Structures are given as C-alpha cells and as structure tokens.
Amino acid sequence: MRATRHLAATAAALTAVLALATACGGSSGGSGSVGSDGKLHPPKMTAQRTLGPREGAVNLVAWAGYVEDGSDDPKADWVHPFEQQTGCTVHVKIAGTSDDMVSLMKTGQYDAVSASGDASLRLIAAGDAAPVNTDLVPNYKDVFDGLKLQAWNSVGGVAYGIPHGYGANLLMYRTDKVSPAPTSWGAVFAKDSPYKGHITAYDSPIYLADAALYLMRTRPELGIKNPYALDQKQFDAAVALLRQQNANIGEYWSDYLKEVSAFKSGDSVLGTTWQVIVNTAQSEKAPVKAVLPSEGATGWSDTWMLSAKAKHPNCAYAWLNWIVSPQVNAQVAEYFGEAPANRLACDHTVDKGFCAAYHAGDSAYYRRVWFWTTPIPQCVDGRKDVTCVPYAKWVQAWTSIKG
C-alpha cells in the first residue's frame with residue numbers, strides 16, 4: 001500500500017530548500033547556474049561510461065513501500081532476490097518527505113534516491129544528483145516514452161534518473177453526501193461551499209500547484225501556462241485562493257490511511273486523493289468515487305536518481321536496472337499503489353486489471369496530468385522575461401496559509 005509521502009516541512013529541511021532559491025545549493029559536487037539563455041545549467045558532471053566490479057553494498061533513500069525485504073509483508077520482498085543475484089547488500093533509509101530526501105542526499109552517505117518531482121530539480125541544481133547513463137540500465141528501453149527526459153528528471157536532454165512509478169492526484173467524494181457528483185476542482189475551491197468543514201486537501205507546499213492549475217483554467221487573464229511556473233502575480237492569486245479555501249477545510253491530510261478513515265466516518269466528504277486511497281476506501285465499504293476533474297490534475301512521477309558522491313555506483317546501477325525490471329516494477333506498483341514505469345510490467349501484475357485502473361501507458365489520460373516539478377526562479381514554462389517564485393517561497397506561503 002502507498003505510504004505517507006510529504007508531511008509539513010521542517011525548519012531544517014527549509015534550509016536546504018532555501019539554497020535553491022538562487023539556483024545554487026551548497027554541495028561538494030558544485031552548484032548550478034543560470035546561463036544567458038535563462039536556463040538552469042547543472043554542475044558539469046559526466047555520467048559513468050562503463051560498469052565495474054560491484055562493491056558488495058548499496059545505500060538507498062526511499063519512500064516507504066519502494067524497498068521491501070519481506071519484513072513488513074512476507075509477500076513483498078524484492079530486496080533479497082536482488083542481493084542474491086548481484087551480491088549487493090541493500091541498506092535503506094526511509095524518508096517521510098521530499099525535503100528529508102534532499103537533506104539526506106546532501107550528506108553523501110547514500111548512493112541513490114527515489115525522488116519525486118518536487119525534489120529532483122533541487123538535487124540536480126545542487127550537484128547532489130549525477131547524470132545517468134541509461135545504456136547501463138538495460139530495462140530503461142522498456143520504460144514508457146512519456147516518462148523519459150521530462151522536466152522533472154532531466155536537464156538539457158540529459159537524463160538524471162530512471163522513472164519508477166507515477167499517478168494522478170484525483171478528486172474523491174462521498175456519493176451519499178455530495179450531490180451533484182463533482183466534475184471540477186471548483187467543488188473544493190468554492191467560497192460558499194455547502195461542505196464547509198468536511199473538505200480535505202493534501203498537506204504539502206506543492207499543493208499550491210493544484211490551486212494554480214484551477215486558476216489556469218478559470219482565470220485565463222492571469223496567463224498561467226504551467227502550475228509550477230508562477231510569477232509573483234500568479235503566485236499571489238494561488239495563495240489567495242488557498243487562503244479562501246482554508247476556511248472550508250476540515251483537515252489537511254498526508255497519511256493516506258487517515259484519509260481513508262476520514263471518508264469512512266464522514267468527517268471528510270470531498271477532497272484530493274490518490275487512486276490507492278479510493279481503492280482502499282471502497283474495499284472497506286466506504287461509499288466513495290473519484291474523478292479526474294475537467295481542469296486536469298497534478299500528479300507524481302518518481303525517479304531513481306544516482307548520487308554524485310555514490311560510494312557504490314556499480315551496485316547502484318544494478319539496483320536501478322532491477323527496480324524497473326518488468327517483474328519487480330509490477331510488484332512495487334501493486335504494493336505501493338501507482339502505475340508502473342515499465343510498459344512490460346503490466347504483463348506481470350497479479351491483478352490483471354491493475355494497469356487499467358491506474359491508467360498505465362494511457363497517454364491521453366496523462367496529458368491531462370501535470371507531474372510535480374520543483375518550482376525554481378527560472379520559469380519552467382520557458383519565460384525568460386520574468387522571475388518565477390522558487391520553492392522556498394512556496395514553503396513559507398503554505399505555512400502561512402495553514403496558520
């Protein structure tokens with residue numbers, strides 16, 4: 001099952017975030033810069049050209065549910081087979097937030113990380129993530145093309161990781177409490193909502209992008225083209241919308257099991273969710289449904305990234321190839337609750353309807369999804385005549401919004 005991903009940012013993590021506010025982060029690997037073309041230029045690093053002898057171990061930072069050894073669920077074990085086949089002993093540090101991941105990777109103690117899009121550009125800009133030679137990852141060829149060389153896992157056509165799994169942030173509602181059935185995010189942003197006190201929203205600064213996406217469709221005069229590229233006026237509008245929404249929020253959620261409980265009890269009747277939460281709530285007889293609203297949605301696409309200071313790079317490359325192999329990628333996707341990155345994984349899921357439920361490989365569906373991307377001063381929508389609001393300011397605003 002999908003585990004908690006992003007909790008409220010801590011002061012210590014904010015220090016790491018602030019480093020990117022000027023597109024440079026203190027790292028022994030160097031820091032990125034902004035060129036005359038207005039684009040982010042990461043520190044100059046060369047991807048590993050060949051594989052050498054495996055070092056006997058690999059140290060990973062990961063979301064809970066991504067690196068399972070059977071200790072939590074005997075049926076979920078893709079670590080021990082990896083160790084047996086490669087001779088690389090796996091050590092994993094479970095991170096509760098993207099900010100935790102950024103901080104941990106700065107220590108140089110870890111070889112690879114399963115970064116979400118709200119962390120990946122920070123790692124690249126700070127010089128903490130190295131380019132990846134995809135030729136050394138044979139299973140990369142079977143990764144869905146739509147996940148390769150994207151804004152959250154590459155810079156200038158250079159890959160900085162291997163896509164792992166992905167999904168959309170949906171709108172869930174209680175069918176016995178919410179009528180008519182919602183089709184727009186306007187249901188959670190309406191100032192005079194009849195569901196005041198029973199609306200829920202995702203507890204993370206990246207949720208500002210959900211507000212920006214709604215404004216992109218409903219207030220075209222703002223000129224928002226990408227919910228992660230907001231100039232000050234656009235950003236202020238998104239913040240204002242979330243301040244207005246705050247009066248109607250019953251609870252912000254980050255633990256998916258708590259959201260399941262809230263919808264079962266009726267404390268929450270409407271709000272953002274993940275497909276795995278919908279499935280879990282329905283399996284526990286909660287009268288809920290979920291939709292991808294008319295405006296589209298935000299979402300996540302996680303990437304296994306290699307540390308620029310990896311002490312076990314050859315075992316790390318072995319892990320990157322293993323975790324996106326068809327059989328293992330299928331196991332992780334089903335256990336965690338997301339679409340697999342490897343297109344062949346759908347042939348190996350236990351539930352033969354799994355990939356259809358999670359829209360794996362459905363390009364039409366995911367064209368409506370804006371995957372999490374780290375907001376940086378260099379507007380990722382291509383604008384060069386303005387400065388966009390960096391993630392550090394998103395964190396500060398989110399804390400203020402919640403009071």
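Every read-out reported here was derived from the displayed coordinates using simple, explicitly stated rules and does not represent laboratory data. Keep in mind that what you see is a predicted model, and the values were worked out from it rather than measured. FYI the Cβ positions are ideal-geometry reconstructions off the backbone, even for glycines, and counts take in every protein chain you see.
Across the chain, Cα pairs under 8 Å and at least six residues apart give a relative contact order of 26 percent. Our coupling estimate for region 221-229, obtained by passing each phi through the Karplus curve with A = 6.51, B = -1.76, C = 1.60 and θ = phi - 60°, is 5, 6, x, 6, 10, 8, x, 9, 10 Hz, Gly and Pro reported as x.
Among 226-232, 135-141, the peptide with the highest mean count of other Cβ atoms within 10 Å heads the list, and the full ranking is 226-232, 135-141. Given +1 at the Cβ of Lys and Arg, -1 at the Cβ of Asp and Glu and no other charges, the dipole of region 44-178 around its Cα centre is 440 debye to the nearest 20. For Asn246 and Gln327, the FRET efficiency from 1/(1 + (r/R0)^6), where r spans their Cβ atoms and R0 equals 45 Å, is about 0.50. Residue-wise HN-Hα couplings along region 98-106, as the Karplus relation 6.51 cos²θ - 1.76 cosθ + 1.60 with θ = phi - 60° gives them from phi, are 5, 5, 4, 4, 4, 5, 5, 5, 5 Hz; Gly and Pro carry x.
Applying 0.36 nm per residue to the separation of Asp351 and Lys311 and subtracting their alpha-carbon distance, the gain on full extension is 10.6 nm. The lysines within cross-link reach of Lys191, meaning a Cα-to-Cα straight distance under 18 Å and a gap of 8 or more places when in the same chain, are Lys402. Sequentially through region 342-356, phi angles give Karplus couplings (6.51, -1.76, 1.60; θ = phi - 60°) of 7, 5, 7, 5, 5, 7, 10, 6, 5, 7, 5, x, 4, 5, 5 Hz, Gly and Pro residues having no value and appearing as x.
Proximity of backbone amide H atoms, modeled 1.01 Å from N, is registered between Val155 and Tyr160 at under 5 Å, excluding neighbours fewer than 5 places apart on the same chain. Taking 0.36 nm per residue of sequence separation and removing the Cα-Cα distance, the Ile94/Leu149 pair yields an extension gain of 17.2 nm. Sorted fewest first by neighbouring Cβ atoms within 10 angstrom, Ile206, Ile401 come out as Ile401, Ile206. Residues whose amide H falls under 5 Å from that of Trp370, counting only those 5 or more places apart or on a different chain, are Ala297, Thr298, Gly299, with hydrogens built in the peptide plane.
Taking packing as the residue-averaged number of other Cβ atoms within 10 angstrom, the listed peptides 271-277, 147-153 run from highest to lowest as 271-277, 147-153. Take the Cβ atoms of Thr399 and Ser265, set R0 to 30 Å, and the FRET efficiency comes out at 0.60. Highest mean packing comes first when the peptides 89-95, 361-367, 184-190 are listed by Cβ atoms within 10 Å, giving 184-190, 89-95, 361-367. Over the chain, dividing the summed -39,500 (n - 2.57) contributions of all DSSP H runs of at least 4 residues by the number of residues returns a 222 nm mean residue ellipticity of -9000 deg cm²/dmol. Pairs with C-alpha atoms separated by more than 19 Å, drawn from the list Lys44/Lys384; Lys177/Lys289; Lys264/Lys352; Lys141/Lys225, are Lys44/Lys384; Lys264/Lys352; Lys141/Lys225. Centre-to-centre, using Cα atoms only, region 237-283 and region 47-80 are separated by 32 Å.
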